[in-house]
1. So how far apart, in nm, are the two label points at R161 and R41 if each is 7 Å from Cα heading toward Cβ?
2. May I ask you to sort F11, F146 by Cβ crowding, counting other Cβ atoms within 10 Å and putting the fewest first?
3. Under Stokes-Einstein, with the Kirkwood radius over Cα pairs standing in for Rh, what whole-number D in µm²/s applies to the chain at 4 °C and 1.567 mPa s?
4. Do any trypsin sites (Lys or Arg not before Pro) in the range 3-110 lie in a loop, going by DSSP, with at most 13 other beta-carbon atoms within 10 Å of their beta carbon, and if so which?
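Please treat every number below as a calculation from the coordinates, not as lab data. Here the structure is a predicted model, which is why all the values come from computation and not from measurement. Because the Cβ atoms are built from the backbone with ideal geometry, glycine has one as well, and the counts that use them run over all protein chains shown.
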Amino acid sequence: MVVINATPLIFLARIGKLRKVVEYFGQAVIPEAVYDEVVRRGMALGKPEADLVEELISDGRVRVEKVKKAMGEVKGAHSGEAEALSLAKERGDALIVDDRAAYEYARMMGIKALRSVRVMLNLLKDKRLTLNDLEENLLRLSRSGFWLTADVYARIVEEARVTSNPCEAP
């Protein structure tokens with residue numbers, strides 16, 4: 001089980017990997033604020049990822065949960081991130097979050113925080129993605145507005161190549 005914040009939910013849906021990620025973790029949970037941001041607002045704006053998330057909710061693969069005890073304001077994070085952090089802490093689940101401030105805050109709180117790209121590397125390690133799939137998905141992420149610098153992209157591809165062919169590791 002994993003808690004997913006809005007940004008990874010949106011971008012993983014955009015590149016067609018959200019189902020695979022949810023399947024990998026067994027089930028995903030999103031807080032109400034993330035549901036509002038991704039599904040309610042997304043549907044109002046005609047965003048296709050909103051339909052996919054709603055479909056996964058209807059199928060029972062993604063659950064929407066109310067946060068029992070929301071933490072106070074998290075510097076640099078909006079309400080969806082604060083609720084996702086709170087929910088991951090309450091449940092003891094990992095959190096997929098791409099925002100730097102929320103990611104660092106999660107780690108300080110002892111929450112296992114993963115970024116979308118790390119999740120895709122994990123899928124590669126578990127042979128649920130090929131190296132070509134991963135490279136293609138990185139390009140699709142970048143083209144869809146996901147912030148990924150050239151040096152980070154190069155490091156990810158290098159790690160992916162070593163992961164997919166450990167015999168060639170330096």
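1. Those two pseudo-labels are separated by 3.9 nm.
2. Working: F11 22, F146 19.
Final ranking by Cβ density, sparse to dense: F146, F11.
3. Numbers: Rh = 16.3 Å.
Reported coefficient: 79 µm²/s.
4. Details: sites: R14, K17, R19, K20, R40, R41, R61, R63, K66, K68, K69, K75, K89, R91, R100, R107; in loops: K17, R61, K66, K68, K69, K75.
For trypsin sites (Lys or Arg not before Pro) across the range 3-110 that sit outside H, G, I, E and B with at most 13 neighbouring Cβ atoms in 10 Å, the list reads K66, K68, K69, K75.
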